[in-house]
1. How many percent of the accessible area of the protein assembly as shown is carbon or sulfur, using a 1.4 Å probe?
2. May I ask which of A:LYS36/B:LYS61; A:LYS2/B:LYS86; A:LYS36/A:LYS363 have a Cα-Cα span longer than 30 Å here?
3. Taking amide H positions as placed 1.01 Å from N in the peptide plane, with prolines and chain starts having none, which residues 5 or more places from A:ARG318, or on another chain, fall under 5 Å of its amide H?
4. Which of the listed residues, B:SER89, A:ALA294, B:ALA134, is farthest toward the dipole's positive end in the protein assembly as shown, when Lys, Arg count +1 and Asp, Glu count -1 at the beta-carbon?
5. Restricting to Cα pairs below 8 Å that are 6+ residues apart, what does the relative contact order work out to for chain B? Please round to a whole percent.
6. How about the range A:190-233: which GluC sites (Glu not before Pro) there lie in a loop by DSSP and see at most 10 other Cβ atoms within 10 Å?
7. Spelling out what I want: for every residue of the range A:64-79, take phi, set θ = phi - 60°, compute 6.51 cos²θ - 1.76 cosθ + 1.60 (Karplus), and round to whole Hz; glycine and proline get x.
8. Reachable aspartates and glutamates from B:LYS292, Cα under 16 Å, same-chain residues fewer than 8 places away excluded?
Amino acid sequence: MKRLPLEGVRVADLTMMWAGPFATRVLAEMGAEILKIESPRAWDNVRTLLPVEHPEPWNASLYFNDYNRDKKSVTLDLAHPRGRELFLRLAALCDVVIENYRADVLDKLGIGWEVLRAARPDLVLVSMAGFGKTGPERDLVGFGPIVEQMAGLTSLTGYGDDGVPYKTGISYGDPVGGLAAVGAVVLALLQRRRTGQGTWIDLAQRETMAQMAGEAFAAASLREEQPVHRGNRDPRWAPQGVYPCAGNDQWLALSVRDDAEWRALVAAIGAADLASLSLDSRRARHDEIDARIAAWSQAHDPQAAMESLQARGIPAARVLDTHDIHWDPHLLAREAWTFLPHPCMQPWPQPLSAWRLQEASPKPRRHAPLFGEHNREILCGWLGVAESELAELEAAHVIGTAPLRAGVG
Amino acid sequence: VSQETRGELPLAGMRVLEIGGGVAAAFATRFLAGYGADVARSEERAGELTGDEEAALLPGKRRISVSDAELRALALAADALVEDGKPGSLAARGLDPRALRAEKPSLVITSLTPFGQHGPYAGYEATNLVAHAAGGIHSLTGLATRPPLANGANQAWKLLGLNGFGATLTAYYGAQLRGEGDWIDLSAQECAAGMLELYGPRSAMDGVPSPRLGNRTNAVWGIYPARDGYAGVCTLQRQVPALFALIGDPELEQPRFLDPMQRIRDDRELGEKVAAWFATRTRTELVELGAKHKVPLGAVMTSLDLLSNASLRERGFFDEVETPAGRARVPGRPFLGLPWRAGALSAPGADTDAVLRDWLGAGRAR
C-alpha cells in the first residue's frame, strides 16, 4: 500500500472553530498525525456552539465531529504552568504547531515564536489570525464572513438590482484560509528539508481570501473599477442564469457560451423562433430569454433538465442543496461519502478527502476524538507523565475529559 | 514576525508544467511560481483568461507554445504537471497520466476538472456557474425569496485552483521524501461539497435542506447597511455582551436578548436594534470599534478601498506588475515568512526557446 505524503509529520494543533480545524483535517487526510490540544477551560467552541440533546454534548456536536476526524485529543490548560510546560515538551516532539487565535493570544500564553523555537529549533509555526500578526488591523477579530467582507469578495457578489452586497452562504473565509494554511505547512516543511531551519508563517486569512478575487485588484488599480453585481450572469456570454424547476426551491444553472450552444438550447426548450439571435441580441434581450427558459424549466425536474441539456452539449447543472448533494448520483458513483462509526452519534455521510491521490487513496480512518480521549496515550506514552499524576492534573483542571462549565454558544 | 520576502526561494529548482490555461490551473500554479518554482505554462485555449486575470495569475510564469512531442518531453522533465483539460484530453495527445507516471515515478500530476476524472458527469460541459451550482455553496447564497446567487470572481475555479496548489505541493513533498509522486483527481464539485460548514452535515443527518439566509444568519451574525456602505457583525455567545455594551441600549441587558436560547425568539426585534445602531455609523468607525472592544465587526470593502488599506500596505501585500494595459497592483505572497518573488508578466509563447533549452538541453531549443 502506497504511503500518504504526510505520513510521519506530527502537528500540535491549537486551532479552533473552522479555519484551522479545516486545515488540520486536510493535513490528517494526507497522513499527518494531528494532536488537537484544548483546555478544559477553553475548548474548541464549535463543540458547544449549538444545543445538542446528549449527556456529553461536547462529544456529540455534528459540526465538531465532521471537521475533526482522524485527530487525537489532548487536553492541557495552557494558562496553567504545568499545562504550559507539558505543551512545550509536546511541541518539541512535533514538526508543526498551528494556531488560529486572535493575533495577541499566543504571546499572552507565553508560547510565542521565540519560546517555541527554543523548545525545538527547526519547528514550523503557522499562525493564521484573521488579519495577521502585524499591521494596524491586527487586533480585529475575524470570523469567516468578516474576512470575506474585508477582503473585497462580498462587494463583488449581488443580484444587481438592489445594490446590496451579499455574503457567501458559508463562512467562506474559513476553509479558504485553511486550505492556504495547508500549503503554508508543506512549503515550510520543504524549506526545512532544504535548509534545516524552522519557519514562522504569518498567514492573514483576509489576505488569502483577497487572492480569490485577484483580478478585481487589477481592475481597480488599472481602471479604478468599482464592483459590478451581475447576479448569475457572465460578461463574456449570454444567456447564463439560474432557472426555477418543478419542486420546492429547485433550480437549474445553465450557460450558453456560443451560437452552437444557443441553437441547441432553443431546440431543447421549444424556442426555435429565437434561434438566430446573435450574442449582442441575446445580451440585449436577456430578461426576455430568461422568461422563456424559466417557462420551460418550471415544468421539468431539475435532474432530468440537467441531463437533457448536457446530452445536447449545453453546460448545465442543478443547484444542489445541502440535502440532495448527499444523494447526487455522480458523487455516489464516485463514492464521495463515507460513514464513520462514532460512540455518541448516528453516523452521517462525511466527505472523502477532495484531494484524490489516485494511488495513495486517502480515506478517513477514525471518528473525531472525544474530549481528552488521548490524554493518557500522549501524556504518559509520549511525555512520560506518571499514571499517578494524571488524577492530580485532572483535579487541578489542567487536563480533563469534559469542558468546565460548558454552556451553549 | 519575519517579514522576510527575500532570500533563496523555497521552491527554487522545482519545475512545474501547466497545461490548459483556465483560471483553475493558472491559480494552482500562481503561488508555486511566486515561491520560486519554474512554471512553464502551455496555453491550449487562447483567450480564456481576461487581461485582469492574466495580471493576477500569470506573473513569474514562463509562457510556451510547443508541439505535443515537446510537451511530452517537458512533462517528463517536470516535477509536477498541473492541467485543467477535459478528462482524457491529456491521453489523447500522447500524455496519458498513467504512462507518464510509469515512465517517471516521482512525477506529480494534478488534474483539475469540474466533476473529476470518472463518474456519470465526468464528460459534462461546465462553466464556473455550472460547477458552482453542483457544489452546494450556491444553494446557500442569496435570499430565500430569490434564486440562489453565485458569489463573485469565479469562485468554483478559484477554489479548485487553491486545492490544486495545496494538493500538488503536498504530493511533491511526498515525492521528495520517497521518490513517489501521484496522480491527483480534483473535482470542483467535491472541493465545495466537503466544506459546507454545518449546513452540509446537518442536512445529511436530519434530511432537511438548509435555506438561503441572505445577509442575516441571525441578528448578531450578518451584514447591515452602515452610513456609507455595508458592514458586518459575527459574534459568538461570549462576545454578545460586549456587542450589547457597545450598542448601549439598556433593553439589551434582559435575559431574552442575552440568553442564546431565548434570543432566537426575539431575533427580529434584536435585528432592528442592531440595524439602527449600524445605520448611524461609518464603516471605518465600526471596524475601529470592533478592534478596540474585541467585538467581531467588519466592513464590506471594495478592492479599490483595499488598495489603500494601511494594514495591507504595511504588510507589503500587493505586487506591482507591468501589463499591456499599464501597471497593475495584484495580491502578492499569500502569507509571510518565506522568500517570495513578484515576477513579471510574459507574453504568450515568448519563453518557448528558453524553456526547451533549460529543461531539455541546448539541442532541443528551436
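1. Reported share for carbon and sulfur atoms: 51 percent.
2. A:LYS36/B:LYS61
3. When sequence neighbours closer than 5 places are left aside, the close amide H contacts are A:ALA253.
4. The residue sitting most towards the positive pole is B:SER89.
5. 22
6. A:GLU224
7. Each residue's phi maps through the Karplus curve to give 5, 5, 6, 9, 10, 5, 6, 10, 10, 10, 10, 9, 7, 7, 6, 7 Hz.
8. Output for B:LYS292: A:ASP104, A:GLU137, A:ASP139.
The values are calculated or read from the model by the stated rules, or taken from the named source; none is laboratory data. Note that the coordinates shown come from a computational prediction; the quantities given were computed from them, not determined experimentally. A quick note on method: Cβ atoms are made from the backbone with ideal geometry, for glycine too, and the neighbour counts reach across all protein chains shown. Side chains included, ligands, DNA and RNA excluded: accessible areas come from the protein's heavy atoms. Shrake-Rupley method; radii C 1.70, N 1.55, O 1.52, S 1.80 Å.
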